[in-house]
Amino acid sequence: MYIYADNAGTTKMSPVAIDAMTKCMNEVFGNPSSLHSTGQRAAEVLQKAREDVAEALGADFNEIYFTSGGSEADNQAIRSAALFGAKKGKKHLISTKIEHHAVLHTLKKLEREGFEVTLLDVGADGIVDPADVEKAIREDTALVTIMYANNEIGTLQPIDEIAKICKEKKVTFHTDAVQAVGHVPVNVHAQNIDMLSLSGHKFHGPKGIGVLYVRKGVPLFNLIEGGAQERGRRAGTENVPGIVGFGVAADLSMKNMEANQKKETELRDYLIGQIEANFPNSKLNGSRSNRLPNNVNFSFPFIEGESLLIMLDMKGICASSGSACTSGSLDPSHVLLAIGLKHEEAHGSLRLTLSEDSTKEEMD
């Protein structure tokens, strides 16, 4: 038996995306910055992928910047807003206690550089109250950064309400949407999102390629210097095959989203029901309904999560206890502690994340 239930860690690449990347590597190997025909052919496929990603997000193509992944996109967005804000005397940043470490560690570094950071509490369901966001905003607030969907417990945040508040207060709003894009509808213009981060390997695209969406007019500072690529905002020869695979995967995820959501939600709820029926001491973490369609996160008393994962793996079941980025840490999940779990409860957590390829037989 083999069951893959760690799609929040990474998804299996789409065969269509693999084929597109292979064709690109064989036939479109030029440097997009070169003026000759081979280079310009690469520039054309790069532009096509940019347009596909923009369409998937409800953005304009010239608001899309390719990065190495979600972490780089988070770093560039947050540092850009902070540095621009500092020029205007605004050095206050707002986020939550359950963000991905790409956000939290960036904010911690900015604190050491003289910025003030407010990390908001969330409820027991992992949801931040928009009223708390509004109360935290000050005259010197440069940025609010709140994730769209939590990578551990799958909680969906009230992004529309938060973004509206930020727009009214004239504060830049960024969201880490790495877990959300490709799984739930996102429209950056309609939702008043100023900056958004995403990563290709979360929706059947390749690893090592991501996107930072930046609304026209929002200033962006460089993390990487040395070239004019990405309209001068991210130096380095573009990863054209990765970008092509990303574009194809984004396009497919949008076209299949409604059907995938329906199937994954049914399987998710079935799995939650079966776990609760068979393990009465178990505790579902996060909101029961306001969560990603593919996320199931439970805590089990008297059990170490690492031991549980090893035993599951011996049975052919791939799962996780939380973020893959902190899998080497022995500390309990900061997300689970933030929603009120005790240390021993947080240590016994299990995250099962499904895909459209999951089946009811696998859930059983």
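Just one residue in the set Gly242, Gly217, Gly205, Gly200 is at pLDDT 95 or above and on the phi > 0 side of the Ramachandran plot; that residue is Gly217.
For residues in region 184-225 being of a type in the set (Phe, Trp, Tyr) and open to solvent by less than 10 Å² (accessible area, probe 1.4 Å), which is nearest to Ala102 (Cα to Cα)? Walk me through how you get there before you give the answer.
Pass one, region 184-225, residues of a type in the set (Phe, Trp, Tyr): 203, 213, 221.
Still in the running and open to solvent by less than 10 Å² (accessible area, probe 1.4 Å): 203, 213.
Working: Phe203: 19, Tyr213: 17 Å.
Applying the filter and picking the extreme gives Tyr213.
For region 1-28, the candidate set comprises residues that are of a type in the set (S, T, N, Q) and part of a loop (DSSP other than H, G, I, E, B); within that set, the residue that is farthest from Val240 (Cα to Cα) is Asn7. In region 248-256 there is at least one residue matching the filter, namely being crowded, with 24+ Cβ neighbours inside 10 Å and either charged (D, E, K, R) or out of contact with any strand residue (DSSP E or B) (no Cβ under 8 Å at 6 or more places or on another chain) (or both).
Here is a yes/no grid of residues against (1) among the β-branched types (Val, Ile, Thr); (2) farther than 30 Å from Met314 by Cβ; (3) surrounded by fewer than 20 Cβ atoms within 10 Å (Cβ to Cβ); (4) at pLDDT 95 or above:
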| site | (1), (2), (3), (4) |
| --- | --- |
| Ile3 | yes, no, yes, yes |
| Gly9 | no, no, no, yes |
| Arg50 | no, yes, no, yes |
| Ala54 | no, yes, no, yes |
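The helices (runs of 4 or more DSSP H) found wholly in region 67-172 and carrying at least 2 residues that are touching a residue at least 60 places away in the same chain (Cβ under 8 Å) occupy 70-87, 101-112.
Across region 29-48, the qualifying residues are those that are open to solvent by less than 50 Å² (accessible area, probe 1.4 Å) and in a helix (DSSP H, G or I), and the one among them that is farthest from Ser197 (Cα to Cα) is Gly39.
Kindly provide the set of residues from region 351-364 that are touching a helix residue (DSSP H, G or I) at 6+ places or on another chain (Cβ under 6 Å) and open to solvent by less than 20 Å² (accessible area, probe 1.4 Å), ordered by number.
We begin by selecting, within region 351-364, every residue touching a helix residue (DSSP H, G or I) at 6+ places or on another chain (Cβ under 6 Å); these are 354, 356, 358, 363.
Scanning region 351-364 gives Leu354, Ser358.
Quick check on region 273-284. Is at least one of its residues open to solvent by less than 10 Å² (accessible area, probe 1.4 Å) and within 22 Å of Ser355 (Cβ to Cβ)? No, the conditions are met nowhere in region 273-284. Take the residues of region 253-288 that are of a type in the set (A, V, I, L, M, F, W, C) and within 18 Å of the chain's Cα centre (by Cα): which is modelled with the lowest pLDDT? Ranking the qualifying residues of region 253-288, first place goes to Met254.
The values are calculated or read from the model by the stated rules, or taken from the named source; none is laboratory data. This is a predicted model, so every value here is computed, not measured. Counting neighbours? That spans all protein chains shown, and the Cβs are built from the backbone with ideal geometry, glycine included. Each accessible area value is taken on the protein alone, full model and side chains, heavy atoms only, with ligands, DNA and RNA left out. Shrake-Rupley method; radii C 1.70, N 1.55, O 1.52, S 1.80 Å.
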